[in-house]
1. Looking only at residues in the stretch 104-148 that are over 19 Å from residue 90 (Cα atoms) and acidic (Asp, Glu), which one is modelled with the highest pLDDT?
2. Give the residues of the stretch 122-154 that are of a type outside the set (Gly, Ala, Ser), assigned to a helix (DSSP H, G or I) and loosely packed, with under 14 Cβ neighbours inside 10 Å, sorted by residue number.
3. From the list 122, 107, 113, exactly one residue is touching a residue at least 60 places away in the same chain (Cβ under 8 Å) and in contact with a Ser or Thr (Cβ under 9 Å, 6 or more places away or on another chain). Which is it?
4. Among the listed residues 59, 33, 52, 40, which satisfies the condition of being loosely packed, with under 13 Cβ neighbours inside 10 Å, closer than 16 Å to residue 89 by Cα, at pLDDT 85 or above and not β-branched (Val, Ile, Thr)?
5. Filter the stretch 62-77 down to the residues that are among the hydrophobic types (A, V, I, L, M, F, W, C) and in contact with a Phe, Trp or Tyr (Cβ under 9 Å, 6 or more places away or on another chain), then identify the one that is nearest to residue 90 (Cα to Cα).
Amino acid sequence: MEHTTSPTQDPGTAAGRYEGFTAEERAAMQEHAKEQKKAAARRGSREEKEAAAERDVLAKIAGMPEADRVLAERIHAVVRAAAPGLAPKLWYGMPAYARDGKVVCHFQSAEKFNSRYATLGFSDQAALDDGALWPTSFALRELTPAAEEQIGALVRRAVG
(Lines give C-alpha, C1' and ligand atoms only; values in the text may rest on other atoms or scores of the structure.)
Protein backbone atom coordinates (compact mmCIF):
# COMPACT_ATOMS: atom_id res chain seq x y z
CA MET A 1 0.00 0.00 0.00
CA GLU A 2 1.40 3.36 -1.01
CA HIS A 3 1.38 6.23 1.51
CA THR A 4 0.36 9.44 -0.27
CA THR A 5 0.78 12.01 2.53
CA SER A 6 3.62 12.67 4.92
CA PRO A 7 3.09 11.98 8.64
CA THR A 8 2.59 15.71 9.26
CA GLN A 9 -0.12 16.01 6.64
CA ASP A 10 -3.79 15.54 7.38
CA PRO A 11 -5.46 13.71 4.50
CA GLY A 12 -8.76 15.33 5.51
CA THR A 13 -7.61 18.80 4.48
CA ALA A 14 -7.50 20.23 0.98
CA ALA A 15 -4.59 18.76 -0.96
CA GLY A 16 -3.60 16.78 2.17
CA ARG A 17 -1.95 19.84 3.75
CA TYR A 18 -1.72 20.11 7.54
CA GLU A 19 -3.56 23.27 8.52
CA GLY A 20 -2.30 23.46 12.13
CA PHE A 21 -4.32 24.17 15.23
CA THR A 22 -7.71 25.84 14.99
CA ALA A 23 -8.17 29.32 16.40
CA GLU A 24 -10.12 27.79 19.29
CA GLU A 25 -7.31 25.33 20.05
CA ARG A 26 -4.70 28.11 19.98
CA ALA A 27 -6.86 30.22 22.30
CA ALA A 28 -7.20 27.30 24.73
CA MET A 29 -3.43 26.80 24.79
CA GLN A 30 -2.86 30.52 25.42
CA GLU A 31 -5.44 30.43 28.18
CA HIS A 32 -3.68 27.43 29.74
CA ALA A 33 -0.35 29.28 29.73
CA LYS A 34 -1.97 32.27 31.49
CA GLU A 35 -3.56 29.93 34.06
CA GLN A 36 -0.18 28.33 34.78
CA LYS A 37 1.51 31.72 35.24
CA LYS A 38 -1.29 32.95 37.50
CA ALA A 39 -1.18 29.79 39.63
CA ALA A 40 2.61 29.96 39.93
CA ALA A 41 2.45 33.61 41.04
CA ARG A 42 -0.07 32.95 43.83
CA ARG A 43 1.25 33.25 47.34
CA GLY A 44 -0.30 32.12 50.56
CA SER A 45 -1.39 28.92 52.22
CA ARG A 46 -2.72 25.92 50.35
CA GLU A 47 -6.24 26.81 51.49
CA GLU A 48 -5.88 30.36 50.15
CA LYS A 49 -4.61 29.06 46.80
CA GLU A 50 -7.48 26.56 46.55
CA ALA A 51 -10.02 29.27 47.44
CA ALA A 52 -8.55 31.53 44.75
CA ALA A 53 -8.67 28.70 42.21
CA GLU A 54 -12.34 28.05 43.04
CA ARG A 55 -13.09 31.78 42.61
CA ASP A 56 -11.43 31.60 39.19
CA VAL A 57 -13.61 28.61 38.24
CA LEU A 58 -16.78 30.33 39.44
CA ALA A 59 -15.85 33.50 37.56
CA LYS A 60 -15.25 31.46 34.37
CA ILE A 61 -18.64 29.79 34.80
CA ALA A 62 -20.35 33.15 35.42
CA GLY A 63 -18.94 34.45 32.12
CA MET A 64 -20.36 31.62 30.02
CA PRO A 65 -23.41 32.00 27.77
CA GLU A 66 -26.59 31.17 29.68
CA ALA A 67 -27.13 27.61 28.41
CA ASP A 68 -23.52 26.61 29.22
CA ARG A 69 -23.53 28.56 32.49
CA VAL A 70 -26.61 26.72 33.79
CA LEU A 71 -25.01 23.35 32.99
CA ALA A 72 -21.63 24.33 34.43
CA GLU A 73 -23.17 25.61 37.68
CA ARG A 74 -25.00 22.32 38.18
CA ILE A 75 -21.94 20.24 37.24
CA HIS A 76 -19.88 22.26 39.73
CA ALA A 77 -22.41 21.63 42.49
CA VAL A 78 -22.70 17.91 41.69
CA VAL A 79 -18.93 17.37 41.52
CA ARG A 80 -18.30 19.31 44.76
CA ALA A 81 -21.00 17.28 46.56
CA ALA A 82 -19.93 13.90 45.13
CA ALA A 83 -16.18 14.39 45.63
CA PRO A 84 -15.39 17.20 48.06
CA GLY A 85 -11.72 16.16 47.95
CA LEU A 86 -11.37 17.27 44.33
CA ALA A 87 -9.99 20.79 43.98
CA PRO A 88 -11.58 23.09 41.40
CA LYS A 89 -9.15 24.68 38.95
CA LEU A 90 -9.10 26.11 35.47
CA TRP A 91 -7.69 23.80 32.83
CA TYR A 92 -7.28 25.16 29.29
CA GLY A 93 -9.93 27.72 30.18
CA MET A 94 -12.41 25.10 31.39
CA PRO A 95 -13.69 24.33 34.88
CA ALA A 96 -11.88 21.22 36.06
CA TYR A 97 -11.56 19.20 39.24
CA ALA A 98 -8.23 17.77 40.33
CA ARG A 99 -6.71 15.43 42.87
CA ASP A 100 -3.10 16.14 43.85
CA GLY A 101 -2.92 18.70 41.04
CA LYS A 102 -3.97 16.23 38.33
CA VAL A 103 -7.28 16.78 36.55
CA VAL A 104 -9.82 13.99 37.09
CA CYS A 105 -12.77 15.57 35.28
CA HIS A 106 -13.66 18.77 33.47
CA PHE A 107 -16.59 20.63 31.94
CA GLN A 108 -16.28 21.89 28.38
CA SER A 109 -18.85 24.44 27.29
CA ALA A 110 -20.44 24.08 23.87
CA GLU A 111 -19.09 27.53 23.03
CA LYS A 112 -15.46 26.55 23.76
CA PHE A 113 -14.94 24.76 20.45
CA ASN A 114 -18.17 25.77 18.69
CA SER A 115 -19.80 22.42 19.46
CA ARG A 116 -23.49 21.65 19.47
CA TYR A 117 -23.33 20.36 23.05
CA ALA A 118 -21.30 20.75 26.23
CA THR A 119 -19.34 17.82 27.58
CA LEU A 120 -18.25 16.36 30.89
CA GLY A 121 -14.92 14.66 30.37
CA PHE A 122 -12.80 12.36 32.51
CA SER A 123 -9.02 12.02 32.30
CA ASP A 124 -6.89 8.93 32.67
CA GLN A 125 -6.71 9.83 36.39
CA ALA A 126 -10.36 8.78 36.71
CA ALA A 127 -10.90 5.20 37.87
CA LEU A 128 -13.64 4.48 35.34
CA ASP A 129 -11.95 1.50 33.67
CA ASP A 130 -14.49 -1.10 32.62
CA GLY A 131 -13.06 -3.93 30.53
CA ALA A 132 -11.45 -3.07 27.23
CA LEU A 133 -13.69 -0.10 26.35
CA TRP A 134 -15.40 2.64 28.37
CA PRO A 135 -16.57 6.22 27.81
CA THR A 136 -14.45 9.12 28.99
CA SER A 137 -16.64 11.98 27.78
CA PHE A 138 -20.36 12.59 28.00
CA ALA A 139 -22.48 15.00 25.95
CA LEU A 140 -24.66 17.36 27.97
CA ARG A 141 -27.69 19.20 26.63
CA GLU A 142 -29.67 19.44 29.86
CA LEU A 143 -29.37 18.12 33.38
CA THR A 144 -32.30 16.23 34.79
CA PRO A 145 -32.29 14.92 38.38
CA ALA A 146 -31.56 11.44 36.99
CA ALA A 147 -28.61 12.76 34.94
CA GLU A 148 -27.26 14.60 37.99
CA GLU A 149 -27.43 11.38 40.01
CA GLN A 150 -25.62 9.51 37.23
CA ILE A 151 -22.91 12.21 37.11
CA GLY A 152 -22.53 12.09 40.89
CA ALA A 153 -22.09 8.30 40.73
CA LEU A 154 -19.51 8.62 37.92
CA VAL A 155 -17.53 11.22 39.86
CA ARG A 156 -17.59 9.13 43.06
CA ARG A 157 -16.40 6.12 41.03
CA ALA A 158 -13.76 8.23 39.27
CA VAL A 159 -12.11 9.21 42.55
CA GLY A 160 -12.30 5.65 43.90
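The values are calculated or read from the model by the stated rules, or taken from the named source; none is laboratory data. On a predicted model such as this, the values are computed, not experimentally measured, just so you know. Because the Cβ atoms are built from the backbone with ideal geometry, glycine has one as well, and the counts that use them run over all protein chains shown.
1. My answer is 148.
2. Scanning the stretch 122-154 gives 145, 149.
3. When all the criteria are applied, what remains is 113.
4. Selected residue: 59, the only one of 59, 33, 52, 40 that is loosely packed, with under 13 Cβ neighbours inside 10 Å, closer than 16 Å to residue 89 by Cα, at pLDDT 85 or above and not β-branched (Val, Ile, Thr).
5. From the stretch 62-77, those among the hydrophobic types (A, V, I, L, M, F, W, C) are 62, 64, 67, 70-72, 75, 77; that's our starting set.
Adding the requirement that they be in contact with a Phe, Trp or Tyr (Cβ under 9 Å, 6 or more places away or on another chain) leaves 71-72, 75.
Working: 71: 16, 72: 13, 75: 14 Å.
It comes out as 72.
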